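Where a number appears in this text, it was derived from the coordinates with a stated rule and is not lab data. All values derive from a computational prediction rather than experimental measurement. Glycine also receives a Cβ, built like all others from the backbone with ideal geometry; neighbour counts cover every protein chain displayed.
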Amino acid sequence: MKMTLRWFGTGHDSVTLQQIRQIPGVTGVITTLYDIPAGEAWPMENILKIKAEVEASGLKIEGIESVNIHDSIKIGLPERDKYIDNYIQTLENLGQAGIKMVCYNFMPVFDWTRSDLAKVRPDGSTVLSYNQELIDQINPETMFNQIDKNSNGFVMPGWEPERLARVQELFEAYKDVNDEQLLQNLVYFLNKIRPVCEKYDIVMAIHPDDPAWPVFGLPRIINNKDNILKLLNAVDAKFNGITLCTGSYGSNPKNDICDIIRATKGRIHFAHVRNIIHHAPGKFDEAAHLSSDGSLDMYEIMKTLYEVGFDGPVRPDHGRAIWGEVAMPGYGLYDRALGATYLNGLIEAIEKSAK
């Protein structure tokens, strides 16, 4: 497995490449071009510039998270082909630059949802938290302001201002889109981009819905094993795979993460590994990465990934904010550095026991 950290780019991240380079075992980053709106093609010069910056630090770009998908594609509007053509051009440029993995999502309106970006734990650290009872009391049209207010001045991925300024319009556009239609639109998109992906050996790793159930009445289609397999079978090709996000799948205790790993063997292209604490149905907090701090068996998850032969990029995800660090909520340096070190230790122990 290739241990990485997510990096949002110079000017968009409190964490530097030089800091990431000093984390034992971390050899690459997962990054993006933050300044390109969803639907526009990524210029080759921008891709090469960030690639050169990363490589100059002694690291490698192991993948992109995300090339955001325009809502016209998700909704299935007549103009979707224009935006798919732009997406194909972006993939063409990424392939020519030697970047072979794209993590993306197909969630309507909100890429992820939390009720609190800085819930204080007993030890004084803060974490992202979800409480369905609180979400049910929130007007989705004003939710962006609440997220933005607690973001420590950073633009939260999936909550970009230019898109969220159109929340009411987007809800109206999605009102007649059900789960089956959303899946059909995803399959249409994947079939359109398949030739360029196979030309450059690019793999597409869809991120699960976060949390793994419907929010604000919007459709959700990547949230359990049956739905994942439905997508993988609908476009049965290696390029069409998943991001195994333990926290997103694990947000629903009914999901058996190790069973999902075994069922999707060979189609897992990327792994987000984080722990969460289940409090009640629809209520969870992020946690430190070690098993004893949350509800997930991190050793068993990593062992199962090893057993199915997963050797792609993996990264610690959504750490705590500790030691007074001011950073993008969920993406501080200190706890994720500890997480990467811990996960590397698990991998070493698993490899040693397998010999």
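A few comments on the model shown:
- Peptides 269-275, 26-32, ordered by how many other C-beta atoms sit within 10 Å of their residues on average, highest first, read 269-275, 26-32.
- Each 5 Å bin from zero up to the one holding the largest Cα-Cα distance in segment 283-339 carries the following percent of pairs: 4, 18, 23, 22, 17, 11, 4, 1.
- Anchor Lys225: lysines whose Cα lies under 22 Å away (excluding residues fewer than 8 positions away in-chain): Lys74, Lys238, Lys254, Lys265, Lys283, Lys303
- Reachable aspartates and glutamates from Lys60, criterion Cα separation under 18 angstrom, eight or more residues apart if same chain: Asp13, Glu45, Asp201, Asp311
- Given +1 at the Cβ of Lys and Arg, -1 at the Cβ of Asp and Glu and no other charges, the dipole of segment 2-354 around its Cα centre is 620 debye to the nearest 20.
- Length released on extending from Arg21 to Thr341, taking residue separation times 0.36 nm less the Cα-Cα span: 113.9 nm
- As a proxy for reagent exposure, Val235, Val326 were ordered by neighbouring Cβ count within 10 angstrom, fewest first; the result is Val326, Val235.
- Checking [x] 31, 64, 5; [y] 34, 61, 5; [z] 26, 49, 13, 7, 4, 1 against the coordinates, the calculated P(r) over Cα pairs in 20 Å bins from 0, in percent falls under label [x].
- Theoretical ellipticity at 222 nm over the chain - DSSP helices of four or more residues, -39500 (n - 2.57) apiece, nearest 500: -11500 deg cm²/dmol
- Amide proton proximity set for Ile268, modelled H, under 5 Å, gap of 5+: Ile242
- Fully extending the segment from Gln181 to Lys149, taken as 0.36 nm per residue of separation minus the present Cα-Cα distance, adds 8.1 nm.
- Think of segment 2-354 as a dipole: +1 on every Lys or Arg Cβ, -1 on every Asp or Glu Cβ, centred on the Cα centre; then among Ala287, Asn46, Asn344, Asn344 lies furthest on the positive end.
- Using the Karplus relation 6.51 cos²θ - 1.76 cosθ + 1.60 with θ = phi - 60°, the per-residue 3J(HN,Hα) values for segment 83-93 come to 6, 5, 4, 5, 5, 4, 5, 4, 5, 4, 5 Hz, with x marking Gly and Pro.
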